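*Asks:* I'd like to ask you about the structure that follows.
The values are calculated or read from the model by the stated rules, or taken from the named source; none is laboratory data. Here the structure is a predicted model, which means the values were calculated and not measured. Because the Cβ atoms are built from the backbone with ideal geometry, glycine has one as well, and the counts that use them run over all protein chains shown. Heads up: the accessible areas ignore ligands, DNA and RNA and are worked out on the full protein's heavy atoms, side chains in. Shrake-Rupley method; radii C 1.70, N 1.55, O 1.52, S 1.80 Å.
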Amino acid sequence: MDGEIKRIKRELAYKGAVLDVYCDHVDLGNGTTAKWDFIHHNGAAAVVPITEEGNILMVRQYRNALDRYTWEIPAGKLDEPGEPGIECASRELEEETGYRSENLELLITLRTTVAFCNERIEVFVAQNLIPSKQHLDEGEYIDVKAFSLEELQRMILEQKIEDSKTVSAIMAYAVKYKK
């Protein structure tokens, strides 16, 4: 590479409810320019909820992009840019599972698709779960089920769980807490 890569211009191509799509004009530092896609996402948070028995609560929901149901850890987008991830994770835990926790600990931070998107997800572990009530969004249908860590690892290796935040979170939890 001859010189430094530098963005010259960013043009909004689409503004959506969850993300914005841009066309970036980029100086490649060697005398040529290129157009690169860029997707802006305000960020999200997720949580690995641990039951009293040591199992992990998972949520099953329909994902339009895949046209099927998936098992995932509870997660959701930040309500506004800059919202603390721990607040979002706490809210999503209660909304999706019907449990809350006063004991959330940061596990990992993920960048889901660094080639074209700036989405950042903070993943927390929630212990000492307190029964509460689900607060699902309109049009949101979620089943909740507890799985053992071993079951989830097997489901990941059998490619029954492919969601990147869930795979990363379960494997990181296994390394950090089940040495």
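*Asks:* Quote the relative contact order of the chain in percent (integer), defining contacts as alpha-carbon pairs under 8 Å separated by 6+ residues. Walk me through the intermediate numbers first.
*Replies:* On the way: 377 pairs, mean separation 37.6, N = 179.
In percent, rounded to a whole number, it is 21.
*Asks:* Cα-based count: Lys pairs in the chain below 24 Å, eight or more positions apart or different chains?
*Replies:* Lysine pairs meeting the criterion: 19.
*Asks:* Just how large is the dipole of segment 113-179 about the Cα centre, in debye to the nearest 20, putting +1 at every Lys and Arg Cβ and -1 at every Asp and Glu Cβ?
*Replies:* Working: 9 positive and 11 negative charges, 96 e Å.
Charge dipole of segment 113-179: 460 debye, to the nearest 20.
*Asks:* Using the Cα centre of the chain as the reference point, and only Cβ charges (+1 on K/R, -1 on D/E), how large is the resulting charge dipole? Debye, rounded to the nearest 20. Mind showing how you got there, number by number?
*Replies:* Numbers: 22 positive and 32 negative charges, 93 e Å.
Dipole magnitude for the chain comes out near 440 debye.
*Asks:* Which whole-number value in Å² is the accessible area per residue of the chain, probe 1.4 Å? Kindly include the intermediate steps, with their values, before the conclusion.
*Replies:* Working: 10720 Å² over 179 residues.
With the other protein chains kept in place, the chain gives 60 Å² per residue.
*Asks:* Of the labelled options (1) 16.9, 56; (2) 18.7, 61; (3) 18.5, 52, which one gives Rg and Dmax of the Cα atoms in Å as computed for this structure?
*Replies:* Given (1) 16.9, 56; (2) 18.7, 61; (3) 18.5, 52, the structure-derived one carries the label (2).
*Asks:* Which peptide among 5-14, 103-112 comes first, and what is the full order, when sorted by highest mean count of other Cβ atoms within 10 Å? Let's see the in-between values first.
*Replies:* Working: 5-14: 11.2, 103-112: 15.7.
By packing density, highest mean first, the sequence is 103-112, 5-14.
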